[in-house]
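Below: the structure, in structure tokens.
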Amino acid sequence: MKNLFYKELKLAVHPTMWLFLILSALVLIPQYPYFLVFFYSCLSIFFCALQSRENRDYLYTALLPVSKRDVVRARFLTVVFFQLLQLLFTVPFAVLSLRSNPLGSNPAGIECNVAFFGLSAVMMGGFNLSFLPLFYRTAHKLGWPLFSGGSFVTVYICIAEALSQYIPGKLSAFLDSKDPEVMKKQVPVLLCGLLLYALLTLAAMKRSERNFEKVSL
Amino acid sequence: MTVLSVEGLCKSYPGFALDHVSFSLEEGSIMGFIGRNGAGKTTTLKSILGLVHPDSGSVKLCGVDYAAHEAECRRQTGILFGEVDYYLSAKLRDIAAVTRRFYPDWDEDYYRQLLRDFSLNDAKRVKELSAGMRVKFSLAMALAHRPKLLLLDEPTSGLDPVSRDELMGIFLSVVRDGGRSILFSTHIISDLEKCADTITYIKGGRVLHSLAVDEFRDAYRLVSGGTEELTEELKGELIGLRTHSFGFEGLLPTEKCADFPGLCAEETDMENIMVHIEREKEA
């Protein structure tokens, strides 16, 4: 697994996976739909799959002394590595954003608060489940997986923004708050989000392994 | 000792099927795997490696079930599927740096020597290499971990005659120490005349012959004669019959030659045998 992960970083990873980590700084923009930070992260996974296909990575990897299951697991390790890195990179920028602009509100979307991180984690887990198993059905067709993953992210962002922004009530007031006291109460949202991310990604991996096992290379 | 044993390999696709493909490869020998395009050579090789899941059949490497011990068997196998056509923008040294990590037996000195022998500059990118040089790079990586079995699919396609001759020399030197064996598919039969010990001939997904090269050559005679000598009985026996204004030419199984005394029956080369056998299909 260590060798396959090395192969992923050395050969397979698309430069945007590194580059888009910088986009964590987008939360510094006072009025911006912050979910886009993690949307870009999902997009970079698509680019990585696209690059793997164009580089015929699966032909190269298929000839190595590794099982197909490990090939899938190494890709998931890479995806999780970059998604968690994106979450971690965004934290200091979010803190800076909250401190530099404590009173202003973001009319373009959710505030970069604790709940935002939990909701973003769920979004990435959902993307993993809606994109990667479909990709591993063929390991080369990307249109339908992109449609599936892209649709999920779009619908998810719309619902999350609606709940936190546009449907007035206690829930939106809670989710959209950047009051330090409320943010403490948002911690369970973050933890549940991370747990859901883990479960969704695990389900995606199991499904991808099953699908890829059936693929003739 | 049998290095590779393939038993009853079957795989069905719409319009094509591998039909109980069986053969075995002995230690220290080179087997040519021949057949025309689409005969099932690559599908057989991919089925051996598990890249294609066969419907039935078994593959053993040195007595060990290949599918059940895939990773271990792969470590003992050097694989080449044509030229390197992956990671075209990557430098050779980067691909090699990744590849060597998967093989505990990777011999870096041997790899460096192969690069020198093949005049390969590992600072170059794959896309900067010619087709022949890409095959050589692929071969260097397949050889560098000194595998027991080399499984090569069309290694000589796209190479000029000099490079092909060089490769045949390399194959012979690889098996000379006795510990290694080569199975390579090709439709360039003249390559096999130079180095193969045995021939496995596949046609339409079925193994037609799996014999020593001499036995394969001796199995058929090229028969020719005048129009009056072409009897109905002979027509029924001839393979790849071709008639012309002066007479005919065709292939006859050697054991049938005695049934037709007086005919001009000559030894012929493997390429001629294959051409006649394949022509029969079209007739």
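The values are calculated or read from the model by the stated rules, or taken from the named source; none is laboratory data. Note that this is a predicted model, so its numbers are computed, not measured. When we count neighbours, we look across all protein chains shown, and the Cβ atoms used for this are built from the backbone with ideal geometry, even at glycine. Calculation scope for accessible area: heavy atoms of the full protein, side chains included, ligands and nucleic acids excluded. Shrake-Rupley method; radii C 1.70, N 1.55, O 1.52, S 1.80 Å.
General observations
- Between region B:98-175 and region B:39-83, the alpha-carbon center distance in angstrom: 20 Å
- The C-alpha atoms of chain A define a longest principal axis, and helix A:35-54 lies at about 10 degrees to it.
- Degrees, to the nearest 10: A:143-161 long Cα axis against longest axis of chain A: 10 degrees
- Note on region A:2-213: dipole from Cβ charges, positive end direction compared against A:190, A:212, A:112; the farthest Cα belongs to A:212.
- Between residue B:107 and residue B:194, the distance separating the two model label sites (each 7 Å from Cα on the Cα→Cβ line) works out to 2.2 nm.
- B:2, B:268, reordered so the largest accessible area comes first (probe 1.4 Å): B:2, B:268
- Taking every residue in B:88-94 and counting other chain Cβ atoms within 10 Å of its Cβ, the average works out to 2.
- Residues of region A:2-213: accessible area per residue with a 1.4 Å probe, Å²: 44 Å²
- Residue mean of other protein chain beta carbons inside 10 Å, A:5-11: 4
- For region B:223-249 versus region A:1-68, the gap between their alpha-carbon centres in whole angstrom: 65 Å
- Charge dipole of the protein assembly as shown (Cα centre as origin; +1 on each Lys and Arg Cβ, -1 on each Asp and Glu Cβ, all else neutral): 3100 debye, rounded to the nearest 20.
- Using a 1.4 Å probe over protein heavy atoms, the accessible area lost on pairing B with A, summed over both chains, comes to approximately 2300 Å².
- Under the convention that each Lys and Arg Cβ holds +1 and each Asp and Glu Cβ holds -1, the size of the dipole of chain B around its Cα centre is about 1540 debye.
- Environment charge of residue B:202, counting only residues whose C-beta is closer than 12 Å and scoring Lys/Arg +1, Asp/Glu -1: +2
- Largest accessible area first, the listed residues A:35, A:117 line up as A:117, A:35 when surface is computed with a 1.4 Å probe on the assembled protein chains.
- Remark: mean inter-chain Cβ contacts per residue of A:57-63 equal 6, using a 10 Å Cβ-Cβ cutoff to other protein chain atoms.
- Distant-in-sequence amide H partners of residue B:221 (H built 1.01 Å from N, under 5 Å): B:252, B:254
- For q = 0.10, 0.11, 0.18 Å⁻¹, Debye-computed log10 I/I(0) when each Cα of region A:2-213 counts as one equal scatterer: -0.44, -0.53, -1.21
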